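Coordinate-derived values only; no laboratory data. The shown structure was predicted, so the numbers you read here are calculated from the model rather than taken from an experiment. For neighbour counting, all protein chains shown are included, and Cβ atoms are generated from backbone atoms with ideal geometry for every residue, glycine included.
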Amino acid sequence: MKSTVTTIAKITPELVEHLHSVRDYIRFGTSRFNEAKLYFGHGNDNAWDDALALVLHALHLGRDGREEILDARLTPGEGRAILALFIRRIEGRMPVPYLTGEAWFAGLKFTVDERVLIPRSPIAELIEAGFSPWLADEPTAILDLCTGGGCIGIGCAYAFPAAEVVLSDISADALVVAGENIEQHELASRVTAVESDLFESIDQRFDLIVSNPPYVDAADYGAMPAEYHCEPALALESGEDGLDFTRRLLREAPTYLNDGGVLVVEVGNSAAHLEKAFPDVPFTWLEFERGGYGVFVLTQAELVEHGAIFAE
Ligand SMILES: C[S@@+](CC[C@H](N)C(=O)[O-])C[C@H]1O[C@@H](n2cnc3c(N)ncnc32)[C@H](O)[C@@H]1O
């Protein structure tokens, strides 16, 4: 039977004559997003929350809209602004944080755009827990390697108020966004951004190196929903088995860690490849209350002990 439901292509400005309240727009967006079979993996996990976030953003109501506004009526201009966002979400498969320009990580607000990955690393939980129990002493020098928009390093700066933090990335574009976030969080006195291919432009040692590098393998990258292809490929892809970057990191990290230092790295789905490639290395895999996996810890001593294996 032929469907009579409004199709995605038919979101037109004239719809403002039929949609009146905040509730109407959220409901309409939810229906269209479900109909378009969008993927929800960038902060929200369902169509209603995506529609709600776009409606609140367009109406300048902040992200914690109150229930009392659900029946408030909109002006035609407000309605058109919301519909324009819905069209971009559907036709461009654009994740909501790129449409609103903001994302939340470890309880902090970050500016994001298509130059950086949208923050979602489970490392947020480690930051909130002060990396307990992995650090013997409070770190005074921290490197967020592969920083993107700076969320991990800036989160660490809040967790460790005495620490100097370096944010590094190979992408000059990403570092512009990281710089904006350093300013917004008023951390320029102790957080700096450095353009560097891995450790190439880094000339100091750290107590903690934390990294969410690119780690998606070729098969997974090809199969990812369109929303992920709005993010920079440089932030996701890392060779056939997803470990091109991590292999280099494991080889070079000991030189940049202080005695007693710790390396924390997310490799997600590529954890299985890593275990297979280095069966004799005692990776400690972390567990998370809010979900996520594939994050390991190695101490400086363990990296040195197994250095010959990483050098092969
Ligand atoms: C998965 S994103 C992580 C962004 C951010 N840390 C987060 O957790 O949301 C990986 C980042 O690594 C950067 N990158 C890729 N190859 C790199 C390299 N060889 N050296 C330094 N950074 C690199 C990318 O530009 C991207 O910003």
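Arrange the following residues from fewest to most other Cβ atoms within 10 Å of their Cβ: Phe245, Phe199. Show your work: numbers first, answer last.
Numbers: Phe245 23, Phe199 17.
Ascending Cβ contact count within 10 Å gives the list Phe199, Phe245.
Considering only C-alpha atoms, what is the centroid distance from the range 98-120 to the range 208-254, in Å?
Taking the Cα centre of the range 208-254 as reference, the centre of the range 98-120 is 19 Å away.
For each of Met94, Met224, count neighbouring Cβ atoms within 10 Å of the residue's Cβ, then give the residues from fewest to most. Present the calculation step by step, with values, prior to reporting the outcome.
Details: Met94 19, Met224 14.
Least crowded to most crowded, the residues run Met224, Met94.
Only helical DSSP H runs with n ≥ 4 go in: add -39500 (n - 2.57) per run for the chain, normalise by residue count and round the 222 nm mean residue ellipticity to 500 deg cm²/dmol.
Numbers: 12 runs with 108 residues, N = 312.
Value at 222 nm, helices only, nearest 500: -10000 deg cm²/dmol.
Pick from His20, His185, His60 the residue whose mean-square fluctuation is largest in a GNM of the chain, springs joining Cα atoms under 10 Å.
Result: His60 has the largest fluctuation of those listed.
Mind checking the dipole of the range 103-311: about its Cα centre, +1 per Lys or Arg Cβ, -1 per Asp or Glu Cβ, Debye to the nearest 20?
Working: 10 positive and 35 negative charges, 36 e Å.
Charge dipole of the range 103-311: 180 debye, to the nearest 20.
Got the relative contact order for the range 250-312 handy, in percent, Cα pairs under 8 Å and 6 or more residues apart?
Details: 72 pairs, mean separation 28.7, N = 63.
Dividing the mean separation by the residue count of the range 250-312 yields 46 percent.
Rounded if a/c is under 1.5, else prolate if a/b beats b/c, else oblate: with a ≥ b ≥ c from the C-alpha gyration tensor eigenvalues square-rooted, which is the range 8-100? Mind dumping the intermediate values first?
Working: a/c = 1.66, a/b = 1.17, b/c = 1.42.
Taking the square roots of the gyration eigenvalues as a ≥ b ≥ c, the range 8-100 is oblate.
Can you put Thr75, Thr30, Thr140 in order, fewest other beta carbons within 10 Å first? Numbers along the way, then the final one.
Values: Thr75 10, Thr30 17, Thr140 14.
Going from sparsest to densest Cβ surroundings: Thr75, Thr140, Thr30.
Mind putting a number on the dipole of the range 28-118 about its Cα centre? Charges go on the C-beta only, +1 for Lys and Arg and -1 for Asp and Glu, and I need it in Debye to the nearest 20.
On the way: 11 positive and 13 negative charges, 53 e Å.
Computed about the Cα centre, the dipole is about 260 debye.
Provide the FRET efficiency to the nearest 0.05 for the Val194-Glu68 pair, computing r from the beta carbons and using R0 = 45 Å.
0.40
Explain nothing, just the number: relative contact order of the chain, from Cα pairs under 8 Å at least 6 residues apart, as a whole percent. If you can, show how the numbers build up before the last one.
On the way: 530 pairs, mean separation 40.8, N = 312.
Once divided by the residue count of the chain, the mean separation gives 13 percent.
In the chain, what percentage of the DSSP-assigned beta bridges are antiparallel, given to the nearest 5? Could you put the intermediate results ahead of the total?
Working: 12 of 32 bridges.
For the chain, the DSSP antiparallel bridge percentage is about 40.
In a Gaussian network model over the chain where Cα atoms closer than 10 Å are linked, find which of Leu187, Leu126, Leu108 has the largest mean-square fluctuation.
Leu108
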